[in-house]
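A quick write-up on the structure given underneath.
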Amino acid sequence: MKADPKGVLTGDHFLDGDHACAEGALAAGCRFFGGYPITPSTEVAERFSQRCPQVGAIFIQMEDELGSLASVIGAVWSGRKAMTVTSGPGFSLMMEHIGLAAMTETPLVLVNVQRGGPSTGLPTLTAQADMMQARWGSHGDYEIIALSPNSPQEAFDYTIKAFNLSERYRVPVLLMMDECVGHMTEKVVIPPADRIDLQPRKFYKGPKKKYLPFKPDKDMVPPMVKTGDGYRFHVTGLTHDFRGYPVMSAECQEENVHRLVNKIRLNSDDIVEYEQDQIDGADVVVVAYGITSRVALRAVDLARAEGIKVGVLRLVVVWPFPEKYIRRLAGKVKAFVMPEINYGQVVLELDRCVCGQAEVVLVPHGGGWVHDPEDILHAIRQAARGEKAGQGIVEYSRTKRGQV
Amino acid sequence: MSAPKVAEKPPPEAVEQPPHPMESLLRMERIPHIWCPTCGIGTTVTAFASALEKLKWDLDKVCVVSGIGCTGRVAGYMRLDSFHTTHGRAVAYATGVKLGNPKLKVVVFSGDGDLIAIGGNHFIHAARRNMDMTVICVNNFIYAMTGGQCAPTTPPTGYATTSPYGNFEQPFNIPHLAESCGAVYVARWTALHVRRLTASIMEALQKPGFSVVEVITPCANYWGRINRLGTGLDLMKFYHEHSVIQHGADTRTLDIEFQKDIIVGKFIDRERPTFLEAYNKRLGQMLGDRFEPYEGD
Amino acid sequence: MKYWRRPLDSDEVEVPRGEIHIIADRCKGCGFCVEYCPKSVLEMSEEYNAKGYHPPRVKDPEGCVQCQLCEMLCPDFAIFVLPKEQKEARVEG
């Protein structure tokens with residue numbers, strides 16, 4: 001289905017990532033926002049609060065992040081598309097409700113504009129250190145989808161993509177921005193509404209008496225309903241059967257939770273997305289996401305100028321991780337270089353998938369700034385020798401301008 | 001007609017027992033419920049169901065949101081669009097359900113620990129905002145589901161598994177809390193006052209804004225047992241003898257002390273604009289014709 | 001019911017009569033209905049239900065006035081009262 005023109009601010013704009021994200025949500029049909037201010041994500045809430053009366057949406061600043069995500073889940077069950085935004089400390093507070101959303105299969109979008117951590121950390125400066133938390137933050141077994149934009153234009157586009165994925169798979173989708181992209185102002189082109197494709201929510205259309213809220217279709221996704229339509233459904237965070245009623249047994253756990261996990265894992269071929277450049281024949285592949293993927297391009301250009309065969313793999317969807325692709329690729333290259341603005345998170349996943357077939361170099365950065373392309377270049381140069389395959393993650397040291 | 005002999009199965013040709021009048025509002029496939037014998041939650045649910053029937057509303061438009069705990073299980077037994085959410089967040093969740101579709105009637109049915117302890121923040125803010133919802137707070141002075149821990153409503157000197165030397169903290173006075181945060185309707189009854197409770201719930205449901213009905217219920221297995229107060233029936237008899245009806249009493253005087261008189265009644269019934277009324281009014285003032293009042297679909 | 005004097009409208013008043021239904025297997029033997037019946041129509045039986053509780057039994061079927069207090073108080077939806085055919089009130093002098 002196409003976007004509702006009321007929410008689409010068609011035209012060429014000069015916006016920062018936060019503002020573009022708010023516009024993306026409105027274009028995607030988001031009509032409820034429950035949020036709490038936290039630097040550097042506050043602008044998304046501010047813009048939404050200003051725009052929502054114009055599009056018939058509703059904005060509420062809740063009393064804390066826990067209430068924010070709880071109200072978002074409630075609004076989704078009332079039939080709306082809903083989202084919230086936050087950053088590190090708020091993200092930690094939202095963990096319980098990410099689990100509730102995953103368990104109750106509630107489609108929603110949660111934007112985390114990452115900042116330096118842990119704890120209060122660097123509130124106004126960039127980092128990419130919540131990536132593992134995005135995947136594993138809540139307790140129990142569940143799967144989510146996480147995307148990583150690297151520009152305000154992508155903040156717009158990927159917010160729409162996030163809504164589409166969430167509706168398609170009935171899962172919370174995390175948009176893992178970073179402060180750099182959130183506060184970077186660039187040209188954002190918003191197309192006309194009829195050129196924006198949206199995934200409609202899969203509503204149940206059968207007889208009311210036969211409705212089983214958690215009976216999956218063939219794609220492992222159950223159709224949804226909303227309050228007020230007479231289905232008298234029950235939704236619980238307890239392990240439940242097809243009727244949505246709690247059943248405290250190992251069999252029910254297997255039936256319920258394994259499906260939630262498989263819903264993403266077995267559909268990951270359709271969900272995984274990445275961009276690649278000159279991978280064929282490459283000796284070194286630079287794997288990056290978010291703002292780092294742009295910084296790395298400078299290093300890659302310099303390395304190519306020196307004659308090193310460098311390819312770039314840029315992760316659009318970070319979770320689920322492109323495991324199958326990496327496993328295939330690992331046998332064909334000498335080394336992977338992964339710059340991240342953290343002390344090693346997604347690189348753990350990369351190393352797991354490479355499985356010793358090639359060298360894996362981490363170029364860490366604690367946050368507060370982006371990488372110096374020179375560091376990535378040094379790392380690429382050393383990695384091109386490909387001497388340390390199978391020796392675990394090799395960490396690049398800034399001070400030593402070389403591998404540790 | 002005398003009651004059938006319970007030790008025998010009725011003969012096949014006997015008239016089939018008519019259903020209980022509340023069965024259309026309950027998920028009968030899950031009855032009998034998990035609550036203990038003499039638990040007052042079942043009585044509160046009966047009062048609530050009775051109130052809904054008397055109001056003759058379209059029950060498709062009524063939602064129940066519960067938190068975690070014994071009372072939190074209410075959502076699972078009512079045949080309405082019902083949500084069993086996380087601990088303490090029922091009010092926030094209900095805010096989302098209500099704002100997502102303002103035409104719904106949203107009822108939060110949860111326990112004292114869930115609403116006032118972990119959920120305290122959401123409770124006070126929803127009252128402040130005058131969110132249009134009805135909160136039925138079942139107060140049994142203890143955290144029963146987890147085995148009998150001290151609650152913010154446990155009267156001083158009361159024993160619990162986490163106050164083994166007797167509670168020394170000052171408990172919350174829920175009507176006072178609700179009033180001071182801006183609730184427009186506040187009442188307290190015990191599970192014994194079923195008819196007055198039903199009437200109060202009816203009033204609370206019909207009142208736009210944040211209405212709170214506190215229900216003092218017996219918890220025999222934890223509160224009663226740990227404090228040697230007898231059976232659930234003994235607790236009910238205590239409520240019978242020691243509850244004093246004082247409509248309109250000053251909520252500051254409504255503290256509940258251990259084994260002393262409990263003041264019940266309707267305390268607050270006032271008018272304030274609800275969240276959506278205030279939202280629509282303000283934005284209408286500021287944006288004029290450009291603003292379409294938010295009423296949901 | 002004993003009155004000090006005979007009410008003036010005692011010929012016109014029809015005291016409702018109720019038919020008590022007990023769903024024995026749902027009962028958890030709490031005793032609320034027995035304790036709070038204003039006409040003392042119920043008593044706990046000696047029988048056991050499937051869960052081992054003693055459900056109530058009606059000891060005075062003619063005494064029920066369909067006040068439905070037992071139905072409202074029961075925490076387990078195990079007892080309810082339906083209206084019986086109306087009979088004229090018998091007033092004792």
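None of the figures in this text is laboratory data; all of them are computed from the coordinates on show. Remember, predicted model here, so these are calculated numbers, not experimental data. A quick note on method: Cβ atoms are made from the backbone with ideal geometry, for glycine too, and the neighbour counts reach across all protein chains shown.
Observations
- Within the same chain, aspartates and glutamates fewer than 8 places from B:LYS266 are excluded, and of the rest, those with a Cα less than 17 Å from its Cα are B:GLU179, B:GLU203, B:GLU214, B:ASP250, B:ASP255.
- Beta bridge orientation in chain A: antiparallel %, DSSP, nearest 5: 30 percent
- Ranking of C:ILE20, B:ILE34 by count of other Cβ atoms within 10 Å, fewest first: B:ILE34, C:ILE20
- Computed on region C:18-83, with alpha-carbon pairs under 8 angstrom and 6+ residues apart, the relative contact order is 46 percent.
- With K and R counted +1 and D and E -1, the other residues having a Cβ less than 14 Å from that of A:VAL316 yield a net charge of -3.
- Per-residue mean of foreign Cβ neighbours for B:25-33 is 4 (Cβ atoms of other chains, 10 Å radius).
- Between B:CYS150, B:CYS36, B:CYS70, the Gaussian network model of chain B with springs among Cα atoms under 10 angstrom shows the greatest mean-square fluctuation at B:CYS36.
- FRET efficiency for A:GLU323 and A:ARG259, using Cβ-Cβ distance with R0 set to 30 Å, rounded to 0.05: 0.90
- C:ASP9/B:GLU16 FRET efficiency (R0 35 Å; Cβ-Cβ; nearest 0.05): 0.35
- Rounded to 5, the percent of DSSP beta bridges in region A:5-195 classed as antiparallel: 30 percent
- For chymotrypsin sites (Phe, Trp or Tyr not before Pro), the sites in region B:117-202 that DSSP calls loop and that have at most 16 other Cβ atoms within 10 Å are B:TYR165, B:PHE168.
- Cβ neighbours within 10 Å from other chains - mean over A:235-248: 3
- Region B:31-290 - share of DSSP beta bridges that are antiparallel (%, nearest 5): 20 percent
- For the residues of A:50-57, the average number of beta carbons from a partner chain within 10 Å of their own beta carbon is 3.
- As a proxy for reagent exposure, B:PHE267, B:PHE83 were ordered by neighbouring Cβ count within 10 angstrom, fewest first; the result is B:PHE267, B:PHE83.
- Shape category assigned to region A:273-404 from the gyration tensor of Cα positions, a/c cut at 1.5: rounded
- Cross-link partners of C:LYS51 among aspartates and glutamates, defined as those whose alpha carbon lies under 12 angstrom from its own and excluding same-chain residues fewer than eight positions apart: C:ASP25.
- Ranked by the mean number of other Cβ atoms within 10 Å of their residues, highest first, the peptides A:245-258, A:328-341, A:105-118 come out as A:105-118, A:328-341, A:245-258.
- Ranking of A:LYS263, A:LYS2, C:LYS84 by count of other Cβ atoms within 10 Å, fewest first: A:LYS2, C:LYS84, A:LYS263
- For region B:197-259 and region A:243-320, distance of Cα centres in Å: 56 Å
- Too-long pairs where the Cα-Cα distance tops 21 Å, listed order kept, from A:LYS210/B:LYS56; A:LYS205/B:LYS105; B:LYS103/B:LYS207; A:LYS2/B:LYS61; A:LYS2/A:LYS81; A:LYS205/B:LYS61: A:LYS210/B:LYS56; A:LYS205/B:LYS105; A:LYS2/B:LYS61
- Packing-based order for A:361-374, A:59-72, using average beta carbon neighbours within 10 Å, highest first: A:59-72, A:361-374
- The residues neighbouring B:HIS193, those whose beta-carbon lies less than 12 Å from its own, together hold a net charge of +3 under the Lys/Arg +1, Asp/Glu -1 convention.
- A simple count of charges around A:LEU122, restricted to other residues whose Cβ falls under 14 Å of its Cβ and scoring Lys, Arg +1 and Asp, Glu -1, yields -2.
- Unpaired cysteine residues in chain C (no second Cys Cβ under 4.7 Å): C:CYS27, C:CYS30, C:CYS37, C:CYS64, C:CYS67, C:CYS74.
- Length-normalised contact order for region B:31-290 - Cα pairs under 8 Å, 6+ apart - percent: 19 percent
- Normalised contact order of chain A, rounded percent, pairs of Cα under 8 Å and 6 or more residues apart: 15 percent
- Highest average packing first - B:282-289, B:110-117, A:31-38, A:3-10, Cβ atoms within 10 Å: B:110-117, A:31-38, A:3-10, B:282-289
- Straight-line reach from A:LYS400: taking Cα to Cα under 28 Å and skipping same-chain neighbours fewer than 8 places apart, the lysines in range are A:LYS309, A:LYS334, A:LYS388.
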